[in-house]
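Participant: Input: one structure, supplied below.
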Amino acid sequence: MLLEYGLINIRSSEMSYREYNQEQTDIFGLDINARIPEHHLVRFVNDLIENMDLTKLHAQYSPEGSPAYNPKMMLKIIVYAYMNGIYTCRKIAKAVRENINFIWLTGDQQPDFRTINTFAWTRCKDVLAEVFCKVVLMAEEKGYLELDSCFIDGTTLRANAGKNSYIWKKSALRYQEQVKTRVDNLFCRIKKLNEEEQLQYGDQDLREVGTQLEFLNELNVEEAEPEEIAQAVEKAQSELQKAVDTLKTHLPSNAPAIKNINHLLSELNKIQKLDVPKLEKYDQQIEIIGKDRNSASKTDNDATFIRMKDSLLAPGYVSSISTSNQFVTAVHLYNVPREAVEYTTLMDIHYTSLGTYPKQVIGDAAYGISVNLDYTHKKKIVSYLKPPDYKRDYWDSLLPGFVYEETKDQWVCPNGKTLTLDNEEVVRANGPERTVKSYRCEDCQDCPFVQKCIPYKNKSGKNLVYDPYLSPLRQETVHNLQSKEGKKLMKKRCIEPEAVFASIKWNSKFSRFTVRSLSKCKNQLLLVLLGHNIQKFYNASMATMTGT
């Protein structure tokens, strides 16, 4: 019937196809090694890690018990997975079972996700930084990067936490104060009742019980710990209950004295059930946030609520990196959004891991603060750190045309106006102890340079602050930035760390951590950037090999 309607192509019976047999059992008996191209990335990763000295990693294992998976093999699959945008242990375990490149790396061994998870975040946690440094030094030895110059920048990364899991320090402190005020008011009422001796009956009163309430006079509720308040509440309940029991033997149960004490007991019970747990919660929240932060996440206590690049306020971390030829040379992850201050820690990591400070460092306007200029000067690093508000403070920093008259202790501006001494202060921060002087010109309204010299709103007079230690450093930095080499380096800075962040966030799709806690997030970021460096290393090696 189908032939009559022309629904079957008769010529199809003459066509030949490759053999297709799902019952074939030796399909994986083929040589998998022959299926991997000679210069494939997976071979590069394999050779790179295979030739590393990983004594510290091997030391994590004990000879006792059943044999463990080879740690080099485990490191290979994790690094290669992160290079391919696979960031969870379950997906890595799936790739080990199904992906031919992973099957080749493991020799057809199949560690499960628990084994991979234990290796990545327990066995490997103290080794990743060392592996990262080894790759950087190997690339430097090949000439693919140089450690004399480093470009620094930072970015924000989302934490593995919900955007509504916030804990605000100010709110916790305010709520804690409100609860302590209620407790303190109640204790004051109890003390007042005891002192006034209102509950007299016969020849006895509460004085004999009141001697047991003297501990309330010694308790400072504002500074007391939740445990101390809880003990005080429990003890006050006990003493007041004794008073009630005593009064009931001499007075009717509806007597005003008994009603007053029962009312206080009721409030004490309420505080014990509701307010004391709240105080413990607020105390724990404040302890989690710490001194340097203003917020934290309930899901990931180490994460801080930060304004992200998309203007969303969300829990996250801040990462600062230094780069050379788009290779990442040092990594620093922290949870306090103070990128400028963390510069010194980043440079210390650079020195600790690579054994040297860079000869020159290039950074944007977030890094050129006084403490960083002082640090850079002490470490004998040439500074290309753009000062904050570089254009606004141009005249203050470079002082073009400003002449200092030492005999009169005053400055003369290019328009001939005089800046006299207005204030002086002894400063010890960011360098040796010195006297910082402030000069001011009161007559700047008709000056032709006023728009450039005083760009802020108050144009009534020019303020000039001269620090005998930091002003020359600032002037030297500005001179470096305006030199031919400085302009060249600042242009190059735009394609150095920014390119790395674009690569990991866009190409590798890594903009949010999949683990929790600062230590684990540091290791995950190291894995991501390790994969980035190996990819750059591979590309540079292939370019050298092919001559492109």
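Participant: Pairs only if they're at least six apart or on different chains, beta carbon under 7 angstrom, first in the stretch 166-184 and at pLDDT below 95, second surrounded by fewer than 13 Cβ atoms within 10 Å (Cβ to Cβ) and not polar (S, T, N, Q); list them, first residue then second.
Facilitator: Pairs found: Lys180/Glu222.
Participant: Still on this structure: Just to be sure before I move on: is Ser397 surrounded by 18 or more Cβ atoms within 10 Å (Cβ to Cβ), out of contact with any strand residue (DSSP E or B) (no Cβ under 9 Å at 6 or more places or on another chain) and either in the same structural domain as Cys441 (by TED's automatic domain parsing) or at pLDDT below 95 (or both) in the structure I sent?
Facilitator: Details: surrounded by 18 or more Cβ atoms within 10 Å (Cβ to Cβ): yes; out of contact with any strand residue (DSSP E or B) (no Cβ under 9 Å at 6 or more places or on another chain): yes; either in the same structural domain as Cys441 (by TED's automatic domain parsing) or at pLDDT below 95 (or both): yes.
Criteria met by Ser397.
Participant: Another question, if that's okay. Just one of (1) surrounded by 14 or more Cβ atoms within 10 Å (Cβ to Cβ); (2) closer than 20 Å to Leu526 by Cβ; (3) free of Cβ contacts under 8 Å to residues at least 40 places away in the same chain trips up Thr55, so point out which.
Facilitator: (1)
Participant: Among the residues of the stretch 61-79, is there at least one that is touching an Asp or Glu at 6+ places or on another chain (Cβ under 7 Å), at pLDDT 90 or above and more than 30 Å from Leu137 (Cβ to Cβ)?
Facilitator: Pass one, the stretch 61-79, residues touching an Asp or Glu at 6+ places or on another chain (Cβ under 7 Å): 72.
Adding the requirement that they be at pLDDT 90 or above leaves 72.
When the remaining residues are screened for being more than 30 Å from Leu137 (Cβ to Cβ), the result is none.
Taking every residue of the stretch 61-79 in turn, none turns out to be touching an Asp or Glu at 6+ places or on another chain (Cβ under 7 Å), at pLDDT 90 or above and more than 30 Å from Leu137 (Cβ to Cβ).
Participant: Only one of these conditions is not met by Asp364: (1) surrounded by 15 or more Cβ atoms within 10 Å (Cβ to Cβ); (2) at pLDDT below 85; (3) of a type in the set (D, E, K, R). Which number is it?
Facilitator: The one condition Asp364 does not meet is (2).
Participant: What single numbered condition from (1) among the acidic types (Asp, Glu); (2) free of Cβ contacts under 8 Å to residues at least 60 places away in the same chain; (3) part of a helix (DSSP H, G or I) fails to hold for Asp292?
Facilitator: That leaves (3) as the condition not met.
Participant: Taking only pairs six or more apart or across chains, which ones have beta-carbon atoms under 6 Å, a first residue in the stretch 404-432 that is assigned by TED's automatic domain parsing to the domain that holds Ile369 and without any contact (Cβ under 8 Å) to a residue 24 or more places away in the chain, and a second residue that is surrounded by 13 or more Cβ atoms within 10 Å (Cβ to Cβ) and acidic (Asp, Glu)?
Facilitator: Matching pairs, first to second residue: none at all.
Participant: I would also like to ask the following. Say whether the condition of being charged (D, E, K, R), under 20 Å from Val371 (Cβ atoms) and within 41 Å of the chain's Cα centre (by Cα) is met by at least one residue in the stretch 439-462.
Facilitator: If we filter the stretch 439-462 for residues that are charged (D, E, K, R), which is where we start, we get 440, 442-443, 446, 452, 457, 459, 462.
Filter once more, so that each one left must be under 20 Å from Val371 (Cβ atoms): none.
No, there is no match, as no residue in the stretch 439-462 is charged (D, E, K, R), under 20 Å from Val371 (Cβ atoms) and within 41 Å of the chain's Cα centre (by Cα).
Participant: Going through Ile534, Ile454 one at a time, which residue ends up being at pLDDT below 90 and either under 25 Å from Phe44 (Cβ atoms) or among the β-branched types (Val, Ile, Thr) (or both)? Before you say what the answer is, go through the steps one by one.
Facilitator: Details: Ile534 fails: at pLDDT below 90.
None of the other options fit; the residue is Ile454.
Participant: Let me ask something additional. Would you check if Leu481 is touching a residue at least 24 places away in the same chain (Cβ under 8 Å) and touching a His at 6+ places or on another chain (Cβ under 6 Å)?
Facilitator: Working: touching a residue at least 24 places away in the same chain (Cβ under 8 Å): yes; touching a His at 6+ places or on another chain (Cβ under 6 Å): no.
Against the criterion (touching a residue at least 24 places away in the same chain (Cβ under 8 Å) and touching a His at 6+ places or on another chain (Cβ under 6 Å)), Leu481 does not qualify.
Participant: Residues being buried (at least 19 other Cβ atoms within 10 Å of the Cβ) and not in a helix (DSSP H, G or I): count how many of those fall in the stretch 481-507.
Facilitator: Qualifying residue count for the region: 1.
Participant: Taking the stretch 72-109, which residues are of a type in the set (Lys, Arg) and touching a residue at least 24 places away in the same chain (Cβ under 8 Å)? Quick ask: steps written out before the conclusion?
Facilitator: Going residue by residue through the stretch 72-109, those that are of a type in the set (Lys, Arg) are 72, 76, 90-91, 94, 97.
Residue satisfying the conditions is Lys76 alone.
Participant: Restricting attention to the stretch 209-253, which residues are of a type in the set (Ser, Thr, Tyr) and exposed (fewer than 15 other Cβ atoms within 10 Å of the Cβ)? Lay out the reasoning, then the answer.
Facilitator: Restricting attention to the stretch 209-253, the residues satisfying the condition of being of a type in the set (Ser, Thr, Tyr) are 211, 238, 246, 249, 253.
Selection gives Thr211, Ser238, Thr249, Ser253.
Participant: Still on this model: Note down all Cβ pairs under 7 Å where the first residue falls in the stretch 58-71 and is in contact (Cβ under 8 Å) with a residue 40 or more places away in the chain, the second is surrounded by 11 or more Cβ atoms within 10 Å (Cβ to Cβ) and outside any loop (DSSP other than H, G, I, E, B), and they're at least six residues apart or on different chains.
Facilitator: From the stretch 58-71, the pairs are Gln60/Arg123; Tyr61/Pro71; Tyr69/Thr115; Pro71/Leu57; Pro71/His58; Pro71/Arg123.
The values are calculated or read from the model by the stated rules, or taken from the named source; none is laboratory data. Being a predicted model, the structure only gives us computed values, none of them experimental. Here the Cβ is made from the backbone with ideal geometry for all residues, glycine too, and neighbour counts use every protein chain on show.
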